[in-house]
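What follows draws every value from the coordinates through simple rules; no lab data is involved. What you see is a predicted model, and the numbers here were worked out from it, not measured in a lab. Every residue, glycine among them, receives a Cβ derived from its backbone with ideal geometry; neighbour counts consider all protein chains shown.
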Amino acid sequence: MTKNKLVLPNHDFFEEVMKLLNQKRQVSLMVKGTSMKPFLDEETEVFLRQFDSYHKGDICLFKFNNKYLLHRIKRVVGKDYVFRGDNTVKSETVEFEAIYGRVTYYMKKAKKHKPWNFNVSLKLFFYRVYLKLRTFGKKILRKKG
Amino acid sequence: MKIKKDYVIKQIGKELVIVPIKDEAIRFNGIITVNKTGAFLFEQLQKDDLTEEQLVERVLDNYDAEEKIVRKDIFDFIKICQEHLLID
């Protein structure tokens, strides 16, 4: 049996996801893109649920500038939630209403993973250092070139 | 035969899709697309435990179609459902 990929219109798809999350249902979907590497990639299935509050380290599905994003909360400042992809440098700030739900766990290579714990925070810290060094290295190479 | 309780049908935009429910989650991984007739067959088998013959009757009652074509389409539909373990 072959597996074909069905690409649904983003808006219609996320409208349905949002509807189900609002009904307190758990929804799973496949990740698209690389902004959450090394933790989430296109082989990852994330399980989402709606909660009454969200905290630093949570991976959430939210709407920003008409785009649906799945990024991690970097910090919470008053009513504002500042998100950033683990593999990106830009951050996005949204209010609570723009957040649809949080990843409760994810499946990668048939293994179940927690989105946030001590090991994740440690790995993320070193990955961020690596990203900074890589950017710095590229700048130097560009200057020399 | 009857469709397992672990599946629901949803309309997303223009697409009619059969979505599996596993581990209490509605999973948009492993969805199957169907056309309007496929959705009708799915709904009939979701509501009632039917034989292939009864399914043919229901389609002929609701659609203006040739029996020979209906039988073939239902046979193909059931085969796909069996392959995907959709029916009990």
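Worth a mention:
- Residue satisfying all of: in the stretch B:33-77; of a type in the set (D, E) and under 14 Å from the mean Cα position of the chain (by Cα); surrounded by the most Cβ atoms within 10 Å (Cβ to Cβ) among these: B:D73
- Candidates B:I26, B:I80, B:I21, B:I87: the one that is under 14 Å from the mean Cα position of the chain (by Cα) and within 14 Å of chain A (Cβ to nearest Cβ) is B:I80.
- Top-ranked residue in the stretch B:35-82 [being of a type in the set (G, A, S) and part of a helix (DSSP H, G or I); ranked as nearest to B:Y7 (Cα to Cα)]: B:A39
Let's see how each residue does on (1) within 9 Å of chain A (Cβ to nearest Cβ); (2) closer than 23 Å to A:L20 by Cα; (3) of a type in the set (D, E, K, R); (4) touching a Leu at 6+ places or on another chain (Cβ under 6 Å):
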site: B:M1; (1), (2), (3), (4): no, no, no, no
site: B:I31; (1), (2), (3), (4): yes, yes, no, no
site: B:V34; (1), (2), (3), (4): no, yes, no, yes
site: B:K47; (1), (2), (3), (4): no, yes, yes, no
site: B:E57; (1), (2), (3), (4): no, no, yes, no
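- The residue list A:G57, A:G33 contains one member that is in contact with a Gly (Cβ under 9 Å, 6 or more places away or on another chain) and of a type in the set (G, A, S), which is A:G33.
- Which numbered condition A:L29 misses (of (1) in a strand (DSSP E or B); (2) more than 10 Å from chain B (Cβ to nearest Cβ); (3) within 13 Å of the chain's Cα centre (by Cα)): (2)
- Every listed requirement among (1) touching a residue at least 12 places away in the same chain (Cβ under 8 Å); (2) under 20 Å from A:E15 (Cα atoms); (3) surrounded by fewer than 18 Cβ atoms within 10 Å (Cβ to Cβ) is met by A:K32 save one, (1).
- Taking the conditions (1) surrounded by fewer than 20 Cβ atoms within 10 Å (Cβ to Cβ); (2) touching a helix residue (DSSP H, G or I) at 6+ places or on another chain (Cβ under 8 Å) in turn, A:Y105 satisfies each one other than (2).
- Of the residues making up the stretch A:42-93, those that are within 14 Å of chain B (Cβ to nearest Cβ) and touching a residue at least 24 places away in the same chain (Cβ under 8 Å) are A:E43, A:T44, A:E45, A:V46, A:F47, A:L48, A:R49, A:Q50, A:L61, A:Y68, A:L70.
- Filtered residues of the stretch A:68-102 (kept if surrounded by fewer than 13 Cβ atoms within 10 Å (Cβ to Cβ) and either of a type in the set (V, I, T) or at positive phi (or both)): A:V77, A:G78, A:V89
- Among the numbered conditions (1) of a type in the set (V, I, T); (2) in a helix (DSSP H, G or I); (3) touching a Pro at 6+ places or on another chain (Cβ under 9 Å), the only one that A:V120 does not meet is (3).
- Only a single item in (1) more than 24 Å from B:Y63 (Cα to Cα); (2) touching a Cys at 6+ places or on another chain (Cβ under 9 Å) is not met by B:E24, and it is number (2).
- Being touching a residue at least 60 places away in the same chain (Cβ under 8 Å), more than 13 Å from the chain's Cα centre (by Cα) and within 14 Å of chain B (Cβ to nearest Cβ) is not true of A:E16.
- Scanning the stretch B:3-18 for residues that are within 14 Å of chain A (Cβ to nearest Cβ) and either out of contact with any helix residue (DSSP H, G or I) (no Cβ under 7 Å at 6 or more places or on another chain) or not in a strand (DSSP E or B) (or both) yields a count of 7.
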